[in-house]
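Q: Sharing a structure with you now.
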Amino acid sequence: LTTGLCRDKNAAHTMFMTFFGSVIAVAGFWICGLALTNGAFGIPHLFLRNQAYNSDLYPAFVSLLPAVIVATCIPIGALAERWRLKSFYVYALFMSMVLFPLFARWTWGGGWLATFGRGFIDVGGSGVVHALAGLCALAGVLVIGPRHGRYSKSGAINPIPAHNVPLALLGNFLLSVGWFGFNAIRSLDTGGASHIDLVATTTALAGAGGAITAAVYMTITTRRPDPTLVANGLMAGLVASSASVGLVGPNAAFLIGAVSGVLICVAVNRLDRFRVDDPVGAIAVHGLGGLWGVLAAGLFAHGAFGASANVRGLFRGDAGQALAQIVGCGALLVWAFGGSWVFFKVLDRVVPLRVAPEVEIGGLDAP
């Protein structure tokens, strides 16, 4: 997906970052990520301590691994085509060892957000994975700056077309298929074993809602559907569905996705006007889509659909759940965006984020 949306002179570099970022995420989560994520494991479980089979330890590692890999890879697209590999390696360790594990501990690990008020809910990771990574991407883009030639001194926006839209759409399709497994695994951890069919249904409908409204919005405003924005609408719907998956019905799931599709179309345009250069739309899809998904859980969640009958959103008569979700969004803005901005600023002084100008202009694949 990311490689298709970038230029061909950076294709191998972009694909390698996604490939090797996944590898680093596995290692970082093994080193200390899991120990920080779950207070029940703690320091004795650094490096998993070569323990014999543990019915709690290894399932926790495996079920969280997709989440930490996805979170690590999301910012790659936003900073693509100008990110130096050495600084990327350090970032990947930071995400998998610190940024993701600590927020996951506050939420999925029974930490302060999980126990605040009604308790923050995020079944599939709209906030823990997507908003976290999208806001980290925003911080990184603000520090690294736009690609060479993206914006003129007069303020004009110069289009940089994707080099392979079919490849991007294929990646988008593969991600959407994987989402069924991702949401299902997370719903199992919240006691939703008997609701896998509902999880799959609402996941599909939210994705469809996002893609359809993105297509309609682009057709109305530009007289043509934009393939990449329609694909991002699908992604945004899936992102937003994840927080409340298994806790909302089909109609609410489609509506949550439909709102996401319009939001990301507007957001991509607005970010460009503010000279925030994100080649793949990761900030809009994951950052904004993730925050909307967290808020939507506080609005639409209905315990009758899930394992917890006590979970009810604002539209089901419980303002307390909406408050818990708002506090969670605030924590994400402070931790994910604020913490990442500090990290990238410091890292840029030690290991510069950006490649040399001549390398960026010539393409990152050759060197």
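The values are calculated or read from the model by the stated rules, or taken from the named source; none is laboratory data. Predicted model only: the values in this text are computed from it and were never measured. Note that each Cβ is placed from the backbone with ideal geometry, even for glycine, and that neighbours are counted across all protein chains shown. Side chains are part of the model used for accessible areas, which takes the heavy atoms of the whole protein and leaves out ligands, DNA and RNA. Shrake-Rupley method; radii C 1.70, N 1.55, O 1.52, S 1.80 Å.
Q: When a/c reaches 1.5 or more, the comparison of a/b and b/c decides; with that in mind, is segment 271-347 rounded, prolate or oblate per its Cα gyration tensor? Provide the component values of the computation, followed by the final result.
A: Working: a/c = 3.14, a/b = 2.12, b/c = 1.48.
Because a/c hits 1.5 or more and a/b exceeds b/c, segment 271-347 counts as prolate.
Q: For the chain, what is the accessible area per residue in Å² when the probe is 1.4 Å?
A: Numbers: 15080 Å² over 367 residues.
About 41 Å² of surface per residue is accessible.
Q: Report relative contact order for the chain in percent, whole number only (criteria: Cα-Cα under 8 Å, sequence separation at least 6).
A: For the chain, the relative contact order is 24 percent.
Q: Choose one of Leu142, Met97, Thr201: the residue whose Cα lies farthest towards the positive end of the charge dipole of segment 48-201 (beta-carbon charges +1 Lys, Arg; -1 Asp, Glu; about the Cα centre).
A: Highest projection toward the positive end goes to Leu142.
Q: For segment 90-223, divide the Cα radius of gyration by the Kirkwood radius and give the resulting Rg/Rh value with two decimals. Don't skip to the end; give the middle numbers.
A: Values: Rg = 19.0 Å, Rh = 18.3 Å.
Ratio of gyration radius to Kirkwood radius: 1.04.
Q: By its C-alpha gyration tensor, with a ≥ b ≥ c as the square roots of the eigenvalues, how is the chain shaped: rounded for a/c under 1.5, else prolate for a/b larger than b/c, else oblate? Show your work: numbers first, answer last.
A: Values: a/c = 1.79, a/b = 1.21, b/c = 1.48.
Since a/c reaches 1.5 but b/c is at least a/b, the shape of the chain is classed as oblate.
Q: Let me ask you something else. I need the helices of the chain that pass two filters: whole DSSP H segments spanning 27 Å or more by Cα along the axis, and mean Kyte-Doolittle score no lower than 0.0.
A: On the way: long enough: 57-79 (34 Å, 1.99); 165-189 (36 Å, 1.10); 196-222 (39 Å, 1.23); 250-273 (35 Å, 1.12).
The answer, listed by residue number, is 57-79, 165-189, 196-222, 250-273.
Q: By accessible area of protein heavy atoms, probe 1.4 Å, what ranking do Trp341, Trp106 get, highest first? Each step should come with its number before you reach the end.
A: On the way: Trp341 110, Trp106 60 Å².
Result of the area sort, largest leading: Trp341, Trp106.
Q: Trypsin sites (Lys or Arg not before Pro) within segment 116-201: which are DSSP loop residues with at most 15 other Cβ atoms inside 10 Å? Don't skip to the answer; put the middle values down first.
A: Details: sites: Arg118, Arg147, Arg150, Lys153, Arg186; in loops: Arg118, Arg147, Arg150, Lys153.
Those that pass, being in a loop and sparsely packed, are Lys153.
Q: Taking only Cα atoms and a 10 Å spring cutoff, compute GNM fluctuations for the chain and point out the largest among Asn310, Asn38, Asn54.
A: Asn54
Q: What is the mean projected area of the alpha carbon convex hull for segment 141-219, to one decimal in square nanometres?
A: Numbers: hull surface 34.2 nm².
Directional mean of the projected Cα hull area for segment 141-219 stands at 8.5 nm².
Q: From zero outward in steps of 5 Å, how is the percent of C-alpha pairs of segment 1-151 spread across the bins?
A: 2, 10, 18, 20, 18, 13, 9, 6, 3, 1, 0, 0
Q: At a 1.4 Å probe radius, carbon and sulfur cover how many percent of the accessible area of the chain? Walk me through the intermediate numbers first.
A: On the way: 10230 of 15080 Å².
Exposed carbon and sulfur together represent 68 percent of the surface.
Q: Under the rule of -39500 (n - 2.57) per DSSP H run of 4 or more residues, summed and divided by the residues of the chain, what mean residue ellipticity at 222 nm is obtained, to the nearest 500 deg cm²/dmol? The partial results should precede the final answer.
A: Values: 15 runs with 215 residues, N = 367.
Calculated mean residue ellipticity at 222 nm is -19000 deg cm²/dmol.
Q: I've got another one for you. Considering only Ala133, Ala11, Ala319, give the residue with the highest GNM mean-square fluctuation for the chain, with springs between Cα atoms whenever their separation is below 10 Å.
A: Ala319
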